[in-house]
């Protein structure tokens with residue numbers, strides 16, 4: 001009888017773990033703001049690594065200054081059953097010096113189940129327009145809107 005109770009409890013535990021997995025997000029966004037031309041020694045290793053990655057290859061002070069700005073990396077996964085349809089990512093944003101003007105960047109990709117896209121607001125666009133205040137990213141697959149993510153400040 002004892003073995004039967006243990007077996008039931010183990011089975012319930014496995015079911016509990018499976019149910020906690022939840023649905024996987026289709027669109028994931030990572031933001032990074034490169035503010036300084038010299039990587040900070042007191043920052044965490046992750047931040048310092050990201051700074052070094054963004055500054056890689058920039059030798060002169062002007063090249064390093066042109067790397068300052070905002071970097072957005074978007075990853076997508078799915079949706080299931082539509083992997084062969086082309087993907088279009090539309091990134092809209094507002095900057096501090098442009099008022100309410102909405103700026104836009106767009107990237108298109110051949111049909112693939114997963115992928116990444118990167119958008120930058122750096123160099124002259126960053127120095128003249130200022131920091132990014134709000135953004136919205138829309139993912140289209142086969143011409144249909146799949147998902148939209150936005151920053152807290154986007155209206």
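Every number in this text was worked out from the coordinates using simple rules, so none of it is lab data. All values reported here derive from a predicted model rather than from experimental measurement. Cβ: placed from backbone, ideal geometry, glycine included. Neighbour counts: every protein chain shown.
Rounded, prolate or oblate: pick one for segment 24-150, where a ≥ b ≥ c are the square roots of the eigenvalues of its C-alpha gyration tensor, a/c under 1.5 means rounded, and failing that, prolate if a/b is larger than b/c, else oblate.
Because a/c hits 1.5 or more and a/b exceeds b/c, segment 24-150 counts as prolate.
Any idea how far apart residue 32 and residue 106 come out in nm if each label point goes 7 Å out from Cα toward Cβ?
Simple spin-label model gives 2.8 nm for this pair.
Over segment 27-146, what is the mean sequence separation of C-alpha contacts under 8 Å (at least six apart), divided by residue count, expressed as relative contact order in percent?
30 percent
Need the full-extension length gain, residue 98 to residue 60, defined as separation in residues times 0.36 nm minus the C-alpha distance. One decimal, nm.
Working it through step by step, the gained length comes to 10.8 nm.
Quick one: order 67, 82 by neighbouring beta-carbon count within 10 Å, fewest to most.
82, 67
Please give the FRET efficiency for residue 114 paired with residue 48, using the beta carbon to beta carbon distance and R0 = 35 Å, rounded to the nearest 0.05.
0.80
Stretch residue 80-residue 148 to full length: gain in nm at 0.36 nm per residue minus the Cα-Cα span?
Additional length available on full extension: 22.8 nm.
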